[in-house]
Amino acid sequence: MNSNPKDRVMIFDTTLRDGEQSPGATMTHEEKLEIAGLLDSMGVDIIEAGFPIASDGDFNAVSDIAKNTQNAVVCGLARANLKDIDRCWEAVKHARRPRIHTFIGTSPLHRAIPNLTMNEMAERIFETVAHARNLCDNVQWSPMDATRTEWNYLVRVVEIAIRAGATTINIPDTVGYTAPVESSDLIGKLISMVPGADEVVFATHCHNDLGMATANALAAVAGGARQIECTINGLGERAGNTALEEVVMAMKVRGDIMPYYTEIDATKLMHVSRRVSTVSGFQVQPNKAIVGKNAFAHESGIHQDGMLKNAETFEIMRPEDVGLSETSIVMGKHSGRAALRSKLKDLGIALADNQLNDVFVRFKELADRKKEVYDDDLIALVTTFEDSSAKDRLALKSLRVRCGTAGPANAKIVLSVDGVDKSASQTGDGPVDAAFKAVRDIHPCSAILALYQVNAVTEGTDAQATVSVRLEDNGMIATGQSSDTDTVVASTRAYIGAINRLMVHREKLGNNQTQISYKDMA
Ligand code: KIV
Ligand code: ZN
(Lines give C-alpha, C1' and ligand atoms only; values in the text may rest on other atoms or scores of the structure.)
(Ligands and ions follow the chains in the order given, each with its own letter.)
Protein backbone atom coordinates (compact mmCIF):
# COMPACT_ATOMS: atom_id res chain seq x y z
CA MET A 1 0.00 0.00 0.00
CA ASN A 2 1.29 3.44 -0.95
CA SER A 3 2.09 5.60 2.06
CA ASN A 4 4.50 8.05 0.52
CA PRO A 5 3.58 11.47 1.99
CA LYS A 6 4.02 13.14 -1.40
CA ASP A 7 1.13 11.06 -2.79
CA ARG A 8 -1.25 11.82 0.06
CA VAL A 9 -4.34 13.66 -1.17
CA MET A 10 -6.32 15.69 1.34
CA ILE A 11 -10.09 15.54 1.21
CA PHE A 12 -11.81 18.89 1.65
CA ASP A 13 -15.51 18.28 2.08
CA THR A 14 -17.85 21.14 1.17
CA THR A 15 -21.17 19.31 1.57
CA LEU A 16 -22.15 21.79 4.27
CA ARG A 17 -21.23 24.86 2.19
CA ASP A 18 -21.32 24.31 -1.60
CA GLY A 19 -23.64 21.30 -1.12
CA GLU A 20 -26.00 23.02 1.25
CA GLN A 21 -26.07 26.04 -1.06
CA SER A 22 -27.75 24.07 -3.83
CA PRO A 23 -31.43 24.98 -4.03
CA GLY A 24 -33.46 22.80 -1.73
CA ALA A 25 -30.62 21.16 0.18
CA THR A 26 -30.97 23.36 3.25
CA MET A 27 -30.16 21.50 6.48
CA THR A 28 -31.09 22.32 10.05
CA HIS A 29 -28.48 23.25 12.65
CA GLU A 30 -28.63 19.82 14.29
CA GLU A 31 -28.33 18.07 10.94
CA LYS A 32 -25.25 20.10 10.02
CA LEU A 33 -23.63 19.17 13.31
CA GLU A 34 -24.46 15.53 12.79
CA ILE A 35 -23.07 15.47 9.24
CA ALA A 36 -19.91 17.29 10.35
CA GLY A 37 -19.43 14.64 13.07
CA LEU A 38 -19.79 11.86 10.50
CA LEU A 39 -17.33 13.53 8.13
CA ASP A 40 -14.84 13.98 10.93
CA SER A 41 -15.03 10.37 12.03
CA MET A 42 -14.79 9.19 8.41
CA GLY A 43 -11.38 10.89 8.11
CA VAL A 44 -12.17 14.02 6.08
CA ASP A 45 -9.18 16.37 6.38
CA ILE A 46 -10.97 19.70 6.03
CA ILE A 47 -14.66 20.39 6.61
CA GLU A 48 -15.98 23.54 4.95
CA ALA A 49 -18.76 24.15 7.44
CA GLY A 50 -20.52 27.12 5.85
CA PHE A 51 -20.44 30.77 4.91
CA PRO A 52 -20.58 32.65 8.24
CA ILE A 53 -21.57 36.09 6.90
CA ALA A 54 -24.54 34.62 4.98
CA SER A 55 -26.88 34.45 7.98
CA ASP A 56 -26.89 34.04 11.75
CA GLY A 57 -27.88 30.41 11.16
CA ASP A 58 -24.77 29.81 9.03
CA PHE A 59 -22.56 31.61 11.54
CA ASN A 60 -23.86 29.53 14.45
CA ALA A 61 -23.51 26.29 12.51
CA VAL A 62 -19.88 27.03 11.58
CA SER A 63 -19.01 28.08 15.09
CA ASP A 64 -20.67 25.02 16.71
CA ILE A 65 -19.00 22.68 14.21
CA ALA A 66 -15.69 24.40 14.99
CA LYS A 67 -16.23 23.76 18.71
CA ASN A 68 -17.20 20.11 18.26
CA THR A 69 -14.84 18.80 15.59
CA GLN A 70 -12.11 16.54 16.95
CA ASN A 71 -9.65 16.02 14.11
CA ALA A 72 -10.51 17.81 10.88
CA VAL A 73 -9.58 21.38 10.03
CA VAL A 74 -12.77 23.48 10.14
CA CYS A 75 -13.05 26.06 7.42
CA GLY A 76 -15.46 28.92 6.74
CA LEU A 77 -15.98 30.79 3.47
CA ALA A 78 -15.58 34.56 3.13
CA ARG A 79 -15.78 36.94 0.18
CA ALA A 80 -12.89 39.28 -0.48
CA ASN A 81 -13.74 41.95 2.05
CA LEU A 82 -12.59 42.57 5.59
CA LYS A 83 -16.05 42.32 7.14
CA ASP A 84 -16.67 38.84 5.68
CA ILE A 85 -13.24 37.66 6.75
CA ASP A 86 -13.64 38.98 10.31
CA ARG A 87 -17.02 37.29 10.61
CA CYS A 88 -15.58 34.07 9.26
CA TRP A 89 -12.76 34.16 11.79
CA GLU A 90 -15.22 34.79 14.64
CA ALA A 91 -16.94 31.54 13.67
CA VAL A 92 -13.96 29.27 12.96
CA LYS A 93 -11.61 30.52 15.66
CA HIS A 94 -13.05 28.00 18.17
CA ALA A 95 -11.75 25.09 16.12
CA ARG A 96 -8.67 23.12 17.15
CA ARG A 97 -7.49 23.68 13.58
CA PRO A 98 -9.27 26.66 11.98
CA ARG A 99 -9.03 27.79 8.36
CA ILE A 100 -10.31 30.89 6.55
CA HIS A 101 -11.22 30.38 2.90
CA THR A 102 -11.52 33.63 0.99
CA PHE A 103 -12.28 34.01 -2.70
CA ILE A 104 -12.97 36.45 -5.51
CA GLY A 105 -14.12 35.91 -9.10
CA THR A 106 -11.13 36.58 -11.37
CA SER A 107 -12.46 35.82 -14.88
CA PRO A 108 -13.56 38.74 -17.10
CA LEU A 109 -17.25 38.00 -16.44
CA HIS A 110 -16.73 37.81 -12.69
CA ARG A 111 -14.48 40.88 -12.55
CA ALA A 112 -17.30 42.88 -14.09
CA ILE A 113 -19.58 42.25 -11.09
CA PRO A 114 -17.69 44.29 -8.47
CA ASN A 115 -16.52 46.49 -11.35
CA LEU A 116 -12.84 46.33 -10.47
CA THR A 117 -9.95 46.78 -12.88
CA MET A 118 -7.33 44.04 -12.98
CA ASN A 119 -5.00 46.16 -10.85
CA GLU A 120 -7.68 47.06 -8.33
CA MET A 121 -8.61 43.40 -7.97
CA ALA A 122 -4.98 42.42 -7.50
CA GLU A 123 -4.69 44.96 -4.67
CA ARG A 124 -7.90 43.69 -3.10
CA ILE A 125 -6.54 40.14 -3.17
CA PHE A 126 -3.34 41.12 -1.43
CA GLU A 127 -5.15 43.16 1.20
CA THR A 128 -7.79 40.51 2.02
CA VAL A 129 -5.50 37.49 2.05
CA ALA A 130 -2.98 39.35 4.22
CA HIS A 131 -5.81 40.35 6.58
CA ALA A 132 -6.98 36.74 6.81
CA ARG A 133 -3.43 35.56 7.44
CA ASN A 134 -3.06 38.04 10.30
CA LEU A 135 -6.02 36.36 11.95
CA CYS A 136 -5.30 32.72 11.14
CA ASP A 137 -2.20 30.82 10.07
CA ASN A 138 -4.21 28.56 7.76
CA VAL A 139 -5.64 30.53 4.82
CA GLN A 140 -7.08 29.22 1.58
CA TRP A 141 -7.58 31.49 -1.40
CA SER A 142 -9.66 30.78 -4.51
CA PRO A 143 -9.81 32.66 -7.81
CA MET A 144 -13.44 31.86 -8.63
CA ASP A 145 -13.96 30.86 -12.28
CA ALA A 146 -10.23 30.21 -12.54
CA THR A 147 -10.68 27.99 -15.58
CA ARG A 148 -12.08 30.95 -17.57
CA THR A 149 -9.56 33.48 -16.25
CA GLU A 150 -6.85 34.78 -18.61
CA TRP A 151 -3.71 32.68 -18.04
CA ASN A 152 -1.35 35.61 -17.37
CA TYR A 153 -3.75 37.19 -14.94
CA LEU A 154 -4.29 33.88 -13.15
CA VAL A 155 -0.53 33.44 -12.68
CA ARG A 156 -0.30 36.99 -11.40
CA VAL A 157 -3.10 36.74 -8.83
CA VAL A 158 -2.04 33.30 -7.57
CA GLU A 159 1.44 34.70 -6.96
CA ILE A 160 -0.03 37.70 -5.12
CA ALA A 161 -2.15 35.44 -2.89
CA ILE A 162 0.88 33.33 -2.03
CA ARG A 163 2.92 36.44 -1.23
CA ALA A 164 0.09 37.72 0.97
CA GLY A 165 0.23 34.53 3.04
CA ALA A 166 -2.20 31.99 1.53
CA THR A 167 -1.26 28.45 2.51
CA THR A 168 -3.63 26.67 0.09
CA ILE A 169 -4.45 27.82 -3.43
CA ASN A 170 -7.69 26.37 -4.72
CA ILE A 171 -8.37 26.41 -8.46
CA PRO A 172 -12.14 26.29 -9.02
CA ASP A 173 -13.81 25.17 -12.20
CA THR A 174 -16.83 27.14 -11.04
CA VAL A 175 -19.04 26.50 -14.07
CA GLY A 176 -17.96 22.93 -14.81
CA TYR A 177 -16.40 23.98 -18.12
CA THR A 178 -12.97 22.39 -18.08
CA ALA A 179 -11.96 18.93 -19.36
CA PRO A 180 -9.53 16.46 -17.74
CA VAL A 181 -6.56 17.18 -19.99
CA GLU A 182 -6.88 20.91 -19.30
CA SER A 183 -7.43 20.37 -15.60
CA SER A 184 -4.17 18.51 -15.14
CA ASP A 185 -2.33 20.92 -17.42
CA LEU A 186 -3.55 24.01 -15.61
CA ILE A 187 -2.47 22.82 -12.16
CA GLY A 188 0.84 21.47 -13.49
CA LYS A 189 1.66 24.76 -15.23
CA LEU A 190 0.69 26.87 -12.24
CA ILE A 191 2.88 24.79 -9.94
CA SER A 192 5.84 25.05 -12.26
CA MET A 193 5.46 28.74 -13.16
CA VAL A 194 4.18 30.64 -10.13
CA PRO A 195 6.96 31.78 -7.80
CA GLY A 196 6.44 30.29 -4.34
CA ALA A 197 4.07 27.57 -5.62
CA ASP A 198 6.08 24.81 -3.95
CA GLU A 199 5.43 26.43 -0.55
CA VAL A 200 1.65 25.93 -0.74
CA VAL A 201 -0.86 23.15 -1.37
CA PHE A 202 -2.78 23.32 -4.64
CA ALA A 203 -6.43 22.28 -4.51
CA THR A 204 -9.02 21.46 -7.15
CA HIS A 205 -12.72 22.36 -6.93
CA CYS A 206 -14.77 21.03 -9.84
CA HIS A 207 -18.43 21.35 -10.77
CA ASN A 208 -20.23 18.68 -12.73
CA ASP A 209 -22.06 20.64 -15.44
CA LEU A 210 -20.59 18.46 -18.18
CA GLY A 211 -20.41 15.33 -16.04
CA MET A 212 -16.62 15.61 -15.75
CA ALA A 213 -16.15 16.75 -12.14
CA THR A 214 -14.67 13.50 -10.85
CA ALA A 215 -12.42 13.04 -13.90
CA ASN A 216 -11.29 16.67 -13.67
CA ALA A 217 -10.46 16.40 -9.97
CA LEU A 218 -8.42 13.23 -10.50
CA ALA A 219 -6.65 14.81 -13.47
CA ALA A 220 -5.80 17.82 -11.30
CA VAL A 221 -4.22 15.44 -8.79
CA ALA A 222 -2.14 13.95 -11.61
CA GLY A 223 -1.08 17.54 -12.39
CA GLY A 224 0.07 18.09 -8.80
CA ALA A 225 -3.00 19.10 -6.76
CA ARG A 226 -2.99 17.51 -3.30
CA GLN A 227 -6.38 18.63 -2.07
CA ILE A 228 -9.68 17.64 -3.66
CA GLU A 229 -12.77 19.67 -2.84
CA CYS A 230 -15.83 17.49 -3.00
CA THR A 231 -19.21 16.67 -1.51
CA ILE A 232 -21.05 13.57 -0.39
CA ASN A 233 -23.28 12.26 -3.21
CA GLY A 234 -21.87 15.04 -5.43
CA LEU A 235 -24.29 17.51 -3.89
CA GLY A 236 -23.72 21.13 -4.91
CA GLU A 237 -24.66 24.11 -7.01
CA ARG A 238 -26.46 23.17 -10.28
CA ALA A 239 -25.17 19.74 -11.42
CA GLY A 240 -23.16 19.46 -8.21
CA ASN A 241 -19.52 19.05 -7.23
CA THR A 242 -17.03 16.22 -7.47
CA ALA A 243 -18.45 13.30 -5.46
CA LEU A 244 -16.26 12.42 -2.48
CA GLU A 245 -17.08 8.72 -2.67
CA GLU A 246 -16.07 8.59 -6.35
CA VAL A 247 -12.62 10.14 -6.02
CA VAL A 248 -11.84 8.16 -2.88
CA MET A 249 -12.77 4.82 -4.44
CA ALA A 250 -11.21 5.64 -7.81
CA MET A 251 -7.84 6.20 -6.14
CA LYS A 252 -8.26 3.03 -4.07
CA VAL A 253 -9.35 0.75 -6.91
CA ARG A 254 -7.05 2.21 -9.59
CA GLY A 255 -3.97 2.79 -7.47
CA ASP A 256 -2.04 1.18 -10.33
CA ILE A 257 -2.50 4.25 -12.53
CA MET A 258 -3.40 6.77 -9.82
CA PRO A 259 -0.81 6.12 -7.13
CA TYR A 260 -2.36 8.49 -4.59
CA TYR A 261 -4.17 7.85 -1.35
CA THR A 262 -6.47 9.50 1.18
CA GLU A 263 -7.15 8.81 4.85
CA ILE A 264 -10.87 8.25 4.32
CA ASP A 265 -12.43 5.19 5.96
CA ALA A 266 -14.36 4.02 2.90
CA THR A 267 -16.48 1.58 4.90
CA LYS A 268 -18.35 4.62 6.24
CA LEU A 269 -19.27 5.95 2.78
CA MET A 270 -22.64 4.25 2.46
CA HIS A 271 -23.92 5.39 5.82
CA VAL A 272 -22.78 8.99 5.35
CA SER A 273 -24.29 9.02 1.87
CA ARG A 274 -27.64 7.88 3.23
CA ARG A 275 -27.65 10.42 6.02
CA VAL A 276 -26.79 13.26 3.62
CA SER A 277 -29.50 12.08 1.26
CA THR A 278 -32.07 12.06 4.05
CA VAL A 279 -31.24 15.39 5.60
CA SER A 280 -30.82 17.19 2.26
CA GLY A 281 -33.86 15.53 0.72
CA PHE A 282 -31.80 14.78 -2.41
CA GLN A 283 -32.28 11.12 -3.16
CA VAL A 284 -29.32 9.32 -4.67
CA GLN A 285 -30.02 8.14 -8.20
CA PRO A 286 -30.16 4.31 -8.26
CA ASN A 287 -27.32 3.99 -10.77
CA LYS A 288 -25.05 6.50 -9.00
CA ALA A 289 -21.45 5.25 -8.82
CA ILE A 290 -20.40 3.77 -5.46
CA VAL A 291 -23.45 4.69 -3.37
CA GLY A 292 -26.42 4.15 -5.71
CA LYS A 293 -28.91 1.44 -4.84
CA ASN A 294 -27.96 -0.52 -7.97
CA ALA A 295 -24.21 0.07 -7.79
CA PHE A 296 -23.70 -3.50 -6.57
CA ALA A 297 -26.93 -5.10 -7.82
CA HIS A 298 -26.79 -7.77 -10.51
CA GLU A 299 -30.07 -8.29 -12.26
CA SER A 300 -29.44 -10.10 -15.52
CA GLY A 301 -29.06 -13.88 -15.67
CA ILE A 302 -25.56 -13.73 -17.18
CA HIS A 303 -24.36 -11.33 -14.48
CA GLN A 304 -25.90 -13.34 -11.66
CA ASP A 305 -24.39 -16.55 -12.96
CA GLY A 306 -20.95 -14.97 -13.25
CA MET A 307 -21.22 -13.42 -9.80
CA LEU A 308 -22.09 -16.71 -8.18
CA LYS A 309 -19.03 -18.36 -9.72
CA ASN A 310 -16.63 -15.51 -8.98
CA ALA A 311 -17.63 -12.06 -7.68
CA GLU A 312 -14.74 -10.43 -9.54
CA THR A 313 -16.41 -11.29 -12.87
CA PHE A 314 -18.52 -8.16 -12.64
CA GLU A 315 -17.31 -6.42 -9.48
CA ILE A 316 -14.23 -4.23 -9.19
CA MET A 317 -14.83 -3.55 -5.50
CA ARG A 318 -16.67 -5.43 -2.83
CA PRO A 319 -19.89 -3.99 -1.40
CA GLU A 320 -18.40 -4.20 2.10
CA ASP A 321 -15.49 -1.97 0.99
CA VAL A 322 -17.93 0.94 0.93
CA GLY A 323 -19.94 -0.19 3.95
CA LEU A 324 -22.70 -2.04 2.16
CA SER A 325 -23.70 -5.32 3.72
CA GLU A 326 -25.60 -7.74 1.53
CA THR A 327 -29.30 -6.98 1.51
CA SER A 328 -31.02 -9.82 3.30
CA ILE A 329 -34.31 -10.61 4.89
CA VAL A 330 -33.47 -9.52 8.39
CA MET A 331 -36.31 -9.98 10.73
CA GLY A 332 -39.97 -10.47 11.17
CA LYS A 333 -42.52 -9.50 13.74
CA HIS A 334 -41.11 -11.91 16.31
CA SER A 335 -37.65 -10.38 16.32
CA GLY A 336 -36.67 -8.65 19.54
CA ARG A 337 -35.00 -5.42 20.52
CA ALA A 338 -31.55 -7.00 20.91
CA ALA A 339 -31.72 -8.44 17.38
CA LEU A 340 -32.73 -5.05 16.02
CA ARG A 341 -29.87 -3.32 17.84
CA SER A 342 -27.36 -5.84 16.57
CA LYS A 343 -28.67 -5.65 12.98
CA LEU A 344 -28.53 -1.85 13.03
CA LYS A 345 -24.98 -2.05 14.36
CA ASP A 346 -24.03 -4.27 11.41
CA LEU A 347 -25.49 -1.61 9.15
CA GLY A 348 -23.31 1.03 10.79
CA ILE A 349 -26.18 2.66 12.68
CA ALA A 350 -25.70 3.27 16.40
CA LEU A 351 -28.73 4.49 18.34
CA ALA A 352 -29.13 5.70 21.89
CA ASP A 353 -31.48 3.58 24.05
CA ASN A 354 -34.42 5.97 23.78
CA GLN A 355 -34.00 6.22 20.00
CA LEU A 356 -33.83 2.43 19.76
CA ASN A 357 -37.10 2.15 21.68
CA ASP A 358 -38.85 4.50 19.25
CA VAL A 359 -37.39 2.75 16.21
CA PHE A 360 -38.40 -0.61 17.67
CA VAL A 361 -42.03 0.50 17.84
CA ARG A 362 -41.90 1.61 14.19
CA PHE A 363 -40.17 -1.64 13.24
CA LYS A 364 -42.92 -3.73 14.87
CA GLU A 365 -45.59 -1.71 13.06
CA LEU A 366 -43.76 -2.29 9.79
CA ALA A 367 -43.25 -6.01 10.44
CA ASP A 368 -46.98 -6.36 11.08
CA ARG A 369 -47.76 -4.95 7.66
CA LYS A 370 -44.85 -6.30 5.63
CA LYS A 371 -43.97 -9.98 5.40
CA GLU A 372 -40.25 -9.55 4.82
CA VAL A 373 -38.24 -6.73 6.34
CA TYR A 374 -34.99 -6.12 4.45
CA ASP A 375 -31.87 -4.19 5.42
CA ASP A 376 -32.97 -1.37 3.12
CA ASP A 377 -36.35 -1.25 4.88
CA LEU A 378 -34.60 -0.81 8.22
CA ILE A 379 -32.30 1.87 6.86
CA ALA A 380 -35.26 3.78 5.39
CA LEU A 381 -37.12 3.42 8.64
CA VAL A 382 -34.27 4.74 10.75
CA THR A 383 -33.14 7.52 8.45
CA THR A 384 -36.58 8.96 7.80
CA PHE A 385 -37.47 8.47 11.44
CA GLU A 386 -34.46 10.58 12.41
CA ASP A 387 -35.90 13.16 10.05
CA SER A 388 -38.86 13.85 12.33
CA SER A 389 -38.23 15.64 15.57
CA ALA A 390 -39.93 15.80 18.93
CA LYS A 391 -39.97 19.59 18.58
CA ASP A 392 -42.16 19.43 15.46
CA ARG A 393 -45.21 21.65 15.75
CA LEU A 394 -47.33 19.54 13.39
CA ALA A 395 -47.66 15.75 13.63
CA LEU A 396 -49.87 13.27 11.81
CA LYS A 397 -52.27 11.51 14.20
CA SER A 398 -54.46 9.67 11.71
CA LEU A 399 -55.30 9.55 8.03
CA ARG A 400 -58.05 7.76 6.15
CA VAL A 401 -58.41 8.00 2.38
CA ARG A 402 -61.03 6.84 -0.05
CA CYS A 403 -60.11 6.69 -3.71
CA GLY A 404 -60.77 4.73 -6.86
CA THR A 405 -62.72 5.11 -10.09
CA ALA A 406 -66.01 6.06 -8.48
CA GLY A 407 -65.34 9.77 -7.94
CA PRO A 408 -62.82 12.21 -6.50
CA ALA A 409 -60.51 10.97 -3.78
CA ASN A 410 -61.30 11.96 -0.23
CA ALA A 411 -58.94 12.30 2.74
CA LYS A 412 -59.89 12.63 6.41
CA ILE A 413 -57.02 13.71 8.57
CA VAL A 414 -56.25 14.41 12.20
CA LEU A 415 -53.18 16.49 12.99
CA SER A 416 -51.71 17.45 16.30
CA VAL A 417 -50.94 21.19 16.10
CA ASP A 418 -48.83 22.40 19.02
CA GLY A 419 -50.26 19.51 21.01
CA VAL A 420 -53.94 20.11 20.10
CA ASP A 421 -55.75 17.64 17.81
CA LYS A 422 -57.47 19.17 14.77
CA SER A 423 -59.29 17.39 11.96
CA ALA A 424 -60.26 18.12 8.35
CA SER A 425 -61.71 16.36 5.34
CA GLN A 426 -60.96 17.24 1.71
CA THR A 427 -61.38 15.91 -1.82
CA GLY A 428 -58.71 16.13 -4.50
CA ASP A 429 -57.17 14.83 -7.72
CA GLY A 430 -56.05 11.58 -6.16
CA PRO A 431 -55.46 10.66 -2.52
CA VAL A 432 -52.17 12.57 -2.09
CA ASP A 433 -53.69 15.79 -3.41
CA ALA A 434 -56.69 15.32 -1.10
CA ALA A 435 -54.46 14.64 1.92
CA PHE A 436 -52.26 17.70 1.25
CA LYS A 437 -55.36 19.88 0.90
CA ALA A 438 -56.68 18.57 4.22
CA VAL A 439 -53.34 19.42 5.86
CA ARG A 440 -53.63 22.96 4.49
CA ASP A 441 -57.20 23.24 5.78
CA ILE A 442 -55.83 22.73 9.28
CA HIS A 443 -52.58 24.63 8.80
CA PRO A 444 -52.79 27.14 5.92
CA CYS A 445 -49.57 27.06 3.92
CA SER A 446 -48.95 29.03 0.73
CA ALA A 447 -45.52 27.49 0.03
CA ILE A 448 -45.04 26.14 -3.50
CA LEU A 449 -44.55 22.41 -3.91
CA ALA A 450 -41.16 22.43 -5.67
CA LEU A 451 -40.57 18.66 -5.60
CA TYR A 452 -42.64 15.57 -4.95
CA GLN A 453 -40.73 12.34 -5.45
CA VAL A 454 -41.61 8.74 -4.63
CA ASN A 455 -39.12 5.84 -4.60
CA ALA A 456 -39.73 2.21 -3.72
CA VAL A 457 -37.23 1.02 -1.08
CA THR A 458 -37.38 -2.66 -2.07
CA GLU A 459 -39.25 -4.78 -4.58
CA GLY A 460 -42.81 -6.09 -4.32
CA THR A 461 -46.22 -4.52 -3.90
CA ASP A 462 -45.73 -4.33 -0.13
CA ALA A 463 -42.51 -2.32 -0.56
CA GLN A 464 -42.06 0.80 1.52
CA ALA A 465 -42.15 4.07 -0.41
CA THR A 466 -39.68 6.80 0.48
CA VAL A 467 -41.23 10.15 -0.36
CA SER A 468 -39.40 13.49 -0.61
CA VAL A 469 -41.32 16.75 -0.57
CA ARG A 470 -39.66 20.12 -1.12
CA LEU A 471 -41.47 23.38 -0.39
CA GLU A 472 -40.47 26.87 -1.44
CA ASP A 473 -41.71 30.00 0.25
CA ASN A 474 -40.30 33.48 -0.47
CA GLY A 475 -36.83 32.18 -1.23
CA MET A 476 -36.85 29.79 1.71
CA ILE A 477 -36.70 26.10 0.89
CA ALA A 478 -37.44 23.11 3.10
CA THR A 479 -37.54 19.39 2.49
CA GLY A 480 -39.30 16.55 4.27
CA GLN A 481 -38.84 12.81 3.79
CA SER A 482 -40.74 9.82 5.07
CA SER A 483 -41.06 6.07 4.40
CA ASP A 484 -44.07 3.83 4.76
CA THR A 485 -45.68 0.87 3.03
CA ASP A 486 -48.59 3.26 2.42
CA THR A 487 -47.49 5.86 -0.13
CA VAL A 488 -50.19 8.34 0.92
CA VAL A 489 -49.11 8.16 4.56
CA ALA A 490 -45.43 8.58 3.59
CA SER A 491 -46.36 11.53 1.34
CA THR A 492 -48.42 13.23 4.03
CA ARG A 493 -45.71 12.78 6.66
CA ALA A 494 -43.09 14.13 4.24
CA TYR A 495 -45.32 17.14 3.47
CA ILE A 496 -45.87 17.84 7.16
CA GLY A 497 -42.12 17.40 7.76
CA ALA A 498 -41.34 20.04 5.13
CA ILE A 499 -43.88 22.45 6.67
CA ASN A 500 -42.29 21.94 10.11
CA ARG A 501 -38.87 22.72 8.71
CA LEU A 502 -40.12 25.78 6.90
CA MET A 503 -41.42 27.08 10.23
CA VAL A 504 -38.03 26.42 11.84
CA HIS A 505 -36.18 28.27 9.04
CA ARG A 506 -38.56 31.19 9.32
CA GLU A 507 -38.03 31.46 13.06
CA LYS A 508 -34.26 31.23 12.67
CA LEU A 509 -33.99 33.82 9.93
CA GLY A 510 -36.51 36.18 11.49
CA ASN A 511 -39.06 37.71 9.19
CA ASN A 512 -36.99 40.43 7.59
CA GLN A 513 -33.55 38.84 7.31
CA THR A 514 -32.79 37.32 3.93
CA GLN A 515 -29.98 34.92 3.27
CA ILE A 516 -27.16 36.13 1.04
CA SER A 517 -25.32 34.01 -1.44
CA TYR A 518 -21.60 33.98 -2.17
CA LYS A 519 -22.52 35.21 -5.62
CA ASP A 520 -23.83 38.50 -4.21
CA MET A 521 -20.59 40.37 -4.67
CA ALA A 522 -21.33 43.31 -2.37
O1 KIV B 1 -17.39 27.01 -7.40
C2 KIV B 1 -16.70 27.89 -6.86
O3 KIV B 1 -15.98 28.66 -7.49
C4 KIV B 1 -16.79 28.01 -5.41
C5 KIV B 1 -15.81 28.94 -4.76
C6 KIV B 1 -16.43 29.71 -3.67
C7 KIV B 1 -14.62 28.17 -4.32
O8 KIV B 1 -17.54 27.31 -4.78
ZN1 ZN C 1 -18.28 25.61 -6.03
(Q) When you scan the stretch 12-28, do you find a residue that is within 26 Å of ASP265 (Cα to Cα), within 12 Å of the chain's Cα centre (by Cα), among the hydrophobic types (A, V, I, L, M, F, W, C) and more than 15 Å from ligand 2 (Cβ to nearest atom), even just one? (A) yes
**Q.** Only one of LEU116, LEU135 that is away from ligand 2 (no atom under 16 Å from the Cβ) and either within 17 Å of THR204 (Cα to Cα) or at pLDDT below 95 (or both)
**A.** LEU116
Q. Across the stretch 128-144, what is the total count of residues that are assigned to a helix (DSSP H, G or I) and surrounded by 15 or more Cβ atoms within 10 Å (Cβ to Cβ)?
A. 7
Q | Those residues of the stretch 10-30 which are surrounded by 22 or more Cβ atoms within 10 Å (Cβ to Cβ) and under 17 Å from VAL74 (Cα atoms), in sequence order | A | ILE11, PHE12, ASP13, THR14, THR15, LEU16, ARG17, ASP18, GLY19, GLU20
**Q.** Any helices (runs of 4 or more DSSP H) falling wholly within the stretch 186-304 and containing at least 3 residues that are aliphatic (A, V, I, L, M) and surrounded by fewer than 23 Cβ atoms within 10 Å (Cβ to Cβ)
**A.** 244-253
Q: Could you please find all residues in the stretch 142-160 being within 16 Å of ligand 2 (Cβ to nearest atom) and of a type outside the set (Val, Ile, Thr)?
A: SER142, PRO143, MET144, ASP145, ALA146, ARG148
(Q) Just checking, does the stretch 100-107 include any residue being surrounded by fewer than 21 Cβ atoms within 10 Å (Cβ to Cβ) and touching an Asp or Glu at 6+ places or on another chain (Cβ under 6 Å)? (A) yes
Q. Looking at the stretch 161-177, which of the residues that are within 13 Å of ligand 2 (Cβ to nearest atom) and among the hydroxyl-bearing types (Ser, Thr, Tyr) is farthest from ASN241 (Cα to Cα)?
A. TYR177
Q) Does THR458 satisfy the condition of being among the hydroxyl-bearing types (Ser, Thr, Tyr) and modelled with pLDDT under 85? A) yes
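One line per residue, one yes/no per condition, for (1) of a type in the set (Phe, Trp, Tyr); (2) touching a His at 6+ places or on another chain (Cβ under 7 Å); (3) within 16 Å of ligand 2 (Cβ to nearest atom):
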site	(1), (2), (3)
GLY196	no, no, no
VAL201	no, no, no
ALA215	no, no, no
GLN227	no, no, yes
GLU237	no, yes, yes
THR242	no, no, yes
ILE257	no, no, no
THR262	no, no, no
**Q.** Any chance THR479 is at pLDDT 90 or above and either buried (at least 24 other Cβ atoms within 10 Å of the Cβ) or of a type in the set (Val, Ile, Thr) (or both)
**A.** no
(Q) Condition (residue is among the hydroxyl-bearing types (Ser, Thr, Tyr), over 23 Å from ILE477 (Cβ atoms) and either more than 33 Å from the chain's Cα centre (by Cα) or surrounded by 14 or more Cβ atoms within 10 Å (Cβ to Cβ) (or both)) applied to the stretch 434-456: is it met by at least one residue? (A) no
Q | Sole residue being touching a residue at least 24 places away in the same chain (Cβ under 8 Å) and more than 28 Å from the chain's Cα centre (by Cα), chosen from VAL382, VAL417, VAL359, VAL373 | A | VAL417
(Q) Please determine whether any residue of the stretch 157-179 is assigned to a helix (DSSP H, G or I) and touching a residue at least 40 places away in the same chain (Cβ under 8 Å). (A) yes
**Q.** Test for ILE125: is it among the β-branched types (Val, Ile, Thr), within 16 Å of ligand 2 (Cβ to nearest atom) and either outside any helix (DSSP H, G or I) or buried (at least 24 other Cβ atoms within 10 Å of the Cβ) (or both)
**A.** no
Q | Filter result for GLN70 (modelled with pLDDT of 95 or more and surrounded by 18 or more Cβ atoms within 10 Å (Cβ to Cβ)) | A | no
Q.
Just the residues that are surrounded by 22 or more Cβ atoms within 10 Å (Cβ to Cβ) and touching a residue at least 40 places away in the same chain (Cβ under 8 Å), please, taken from the stretch 32-49.
A. ILE35, LEU39, MET42, VAL44, ILE46, GLU48, ALA49
Q: Identify all residues within the stretch 1-57 that are assigned to a helix (DSSP H, G or I), of a type in the set (A, V, I, L, M, F, W, C), farther than 12 Å from CYS230 by Cα and in contact with a Lys or Arg (Cβ under 8 Å, 6 or more places away or on another chain); write none if there are none.
A: ILE35, LEU38, MET42, ILE53
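Residue-wise test of (1) more than 30 Å from ILE162 (Cβ to Cβ); (2) within 17 Å of the chain's Cα centre (by Cα); (3) in contact (Cβ under 8 Å) with a residue 12 or more places away in the chain.
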{"position": "ASN208", "(1), (2), (3)": "no, yes, yes"}
{"position": "GLY223", "(1), (2), (3)": "no, no, yes"}
{"position": "ASN241", "(1), (2), (3)": "no, yes, yes"}
{"position": "TYR261", "(1), (2), (3)": "no, no, yes"}
{"position": "ALA266", "(1), (2), (3)": "yes, yes, yes"}
{"position": "VAL276", "(1), (2), (3)": "yes, yes, yes"}
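The values are calculated or read from the model by the stated rules, or taken from the named source; none is laboratory data. Computed from a predicted structure; not experimentally measured. Ideal geometry is used to build each Cβ from the backbone, glycine not excepted, and the neighbour counts take in all protein chains shown.
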